[in-house]
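Novice: Mind looking over this structure? Questions follow.
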Amino acid sequence: MPGIPDTVIDEIRSRADIVEIVGQYVQLRRRGNDYWACCPFHQEKTPSFKVNSAHQAYYCFGCRRSGDVYRFVQERENVDFIGAVRLLAQRLGVRIPEPSSTGAGEAGAAERSARQKDRRYEVLQATAAWFRQQLRDTHGGGAWR
Ligand code: ZN
């Protein structure tokens, strides 16, 4: 799998507004600081799918799916992480530099990929805290059903 530089992944993450991206798939309604929609991942009649702009994360109280903008695109488009990065790059007009063909990059690529994993883990940690808070705030998540 060709490596995509961290800087590009970060740039896309900072330019992609999860509310806007999710809004291309489902109709979001604003309520306070959050946006709600009927979940695109399971059948439902009342919205339990929540998107938070400040955290750039989504959470479904029905099927418990959650994640950031990359995760959303992966699940919706059925692509892997790199696929989601490429798709968002295309949509946002961000150019992904092609990996150099000098061959010097094998070890470097592995290192980069490890760093990317670290960073993704950090993001997940931050959003996980938010998800826990969501669960507490909604008394077990039943308030919206
Ligand atoms: Zn759901």
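The values are calculated or read from the model by the stated rules, or taken from the named source; none is laboratory data. It should be emphasised that the depicted structure is a prediction, and the values quoted were computed from it without experimental measurement. In this analysis, Cβ positions are derived from the backbone assuming ideal geometry, glycine residues included, and neighbour counts consider all displayed protein chains.
Novice: Can you name the residue in region 59-82 that is on the phi > 0 side of the Ramachandran plot and within 13 Å of the ligand (Cβ to nearest atom) and is also surrounded by the fewest Cβ atoms within 10 Å (Cβ to Cβ) among such residues?
Specialist: At the first step, the residues of region 59-82 found to be on the phi > 0 side of the Ramachandran plot are 64, 67, 78.
Retained after the next criterion (residues that are within 13 Å of the ligand (Cβ to nearest atom)): 64, 67.
Details: ARG64: 13, GLY67: 19.
The selected residue is ARG64.
Novice: Taking the condition in a loop (DSSP other than H, G, I, E, B), touching a residue at least 24 places away in the same chain (Cβ under 8 Å) and more than 16 Å from the ligand (Cβ to nearest atom), does ILE9 pass?
Specialist: Against the criterion (in a loop (DSSP other than H, G, I, E, B), touching a residue at least 24 places away in the same chain (Cβ under 8 Å) and more than 16 Å from the ligand (Cβ to nearest atom)), ILE9 does not qualify.
Novice: Just the residues that are among the β-branched types (Val, Ile, Thr) and under 23 Å from LEU135 (Cα atoms), please, taken from region 2-52. Don't jump to the end; show me each part of the working.
Specialist: Of the residues in region 2-52, the ones among the β-branched types (Val, Ile, Thr) are 4, 7-9, 12, 18-19, 21-22, 26, 46, 51.
Result: ILE18, VAL19, VAL22, VAL26, THR46, VAL51.
Novice: Just name the residue that is modelled with the highest pLDDT out of those in region 99-109 that are loosely packed, with under 11 Cβ neighbours inside 10 Å and of a type outside the set (Asp, Glu). Explain how you work it out, then say what you get.
Specialist: Applying the first criterion (loosely packed, with under 11 Cβ neighbours inside 10 Å) to region 99-109 yields 100-104, 106-107.
Adding the requirement that they be of a type outside the set (Asp, Glu) leaves 100-104, 107.
Numbers: SER100: 63, SER101: 57, THR102: 54, GLY103: 50, ALA104: 50, ALA107: 60.
Restricting to residues being loosely packed, with under 11 Cβ neighbours inside 10 Å and of a type outside the set (Asp, Glu), the top hit is SER100.
Novice: Looking at (1) within 16 Å of the ligand (Cβ to nearest atom); (2) surrounded by 13 or more Cβ atoms within 10 Å (Cβ to Cβ); (3) in a loop (DSSP other than H, G, I, E, B), find the lone condition where ILE96 falls short.
Specialist: (1)
Novice: Can you pull out every residue in region 78-93 that is of a type outside the set (A, V, I, L, M) and either assigned to a loop (DSSP other than H, G, I, E, B) or modelled with pLDDT under 65 (or both)?
Specialist: Step one: of region 78-93, the residues of a type outside the set (A, V, I, L, M) are 78, 80-81, 83, 86, 90-91, 93.
Once the filter is applied, which keeps residues that are of a type outside the set (A, V, I, L, M) and either assigned to a loop (DSSP other than H, G, I, E, B) or modelled with pLDDT under 65 (or both), region 78-93 yields ASN78, ASP80, GLY93.
Novice: Can you work out which of the residues in region 45-58 that are within 15 Å of the ligand (Cβ to nearest atom) and surrounded by fewer than 18 Cβ atoms within 10 Å (Cβ to Cβ) is farthest from GLN125 (Cα to Cα)? Let's see the steps before the verdict.
Specialist: Step one: of region 45-58, the residues within 15 Å of the ligand (Cβ to nearest atom) are 45-51, 57-58.
From what's left, surrounded by fewer than 18 Cβ atoms within 10 Å (Cβ to Cβ): 45-46.
Values: LYS45: 31, THR46: 29 Å.
Top of the filtered list is LYS45.
Novice: Within the set of pairs 6+ apart or on separate chains, which have a first residue in region 41-67 that is free of Cβ contacts under 8 Å to residues at least 24 places away in the same chain, a second that is aromatic (Phe, Trp, Tyr) and near the ligand (Cβ under 7 Å from one of its atoms), and C-beta atoms under 8 Å apart?
Specialist: Here the result reads PHE49/PHE41; CYS60/PHE41; CYS60/PHE49, each pair linking region 41-67 to a residue that is aromatic (Phe, Trp, Tyr) and near the ligand (Cβ under 7 Å from one of its atoms).
Novice: So, one more: Residue by residue through region 18-72, note down the ones that are among the hydroxyl-bearing types (Ser, Thr, Tyr), out of contact with any Lys or Arg (no Cβ under 9 Å at 6 or more places or on another chain) and part of a helix (DSSP H, G or I). Full working, then the answer.
Specialist: Filtering region 18-72 for residues among the hydroxyl-bearing types (Ser, Thr, Tyr) gives 25, 35, 46, 48, 53, 58-59, 66, 70.
Pick out the ones that are also out of contact with any Lys or Arg (no Cβ under 9 Å at 6 or more places or on another chain) and you get 53, 66.
Selection gives nothing.
Novice: Scan region 46-55 and tell me whether some residue there is small (Gly, Ala, Ser), more than 30 Å from THR7 (Cβ to Cβ) and at pLDDT 95 or above. Give the derivation first.
Specialist: At the first step, the residues of region 46-55 found to be small (Gly, Ala, Ser) are 48, 53-54.
Filter again for more than 30 Å from THR7 (Cβ to Cβ), leaving 48.
Checking which are at pLDDT 95 or above leaves us with 48.
Yes, there is a match, as at least one residue in region 46-55 is small (Gly, Ala, Ser), more than 30 Å from THR7 (Cβ to Cβ) and at pLDDT 95 or above.
Novice: Here are the criteria: (1) touching a Leu at 6+ places or on another chain (Cβ under 7 Å); (2) surrounded by fewer than 19 Cβ atoms within 10 Å (Cβ to Cβ); (3) in contact (Cβ under 8 Å) with a residue 60 or more places away in the chain; (4) of a type outside the set (Lys, Arg). Tell me which single one ALA16 does not satisfy.
Specialist: (2)
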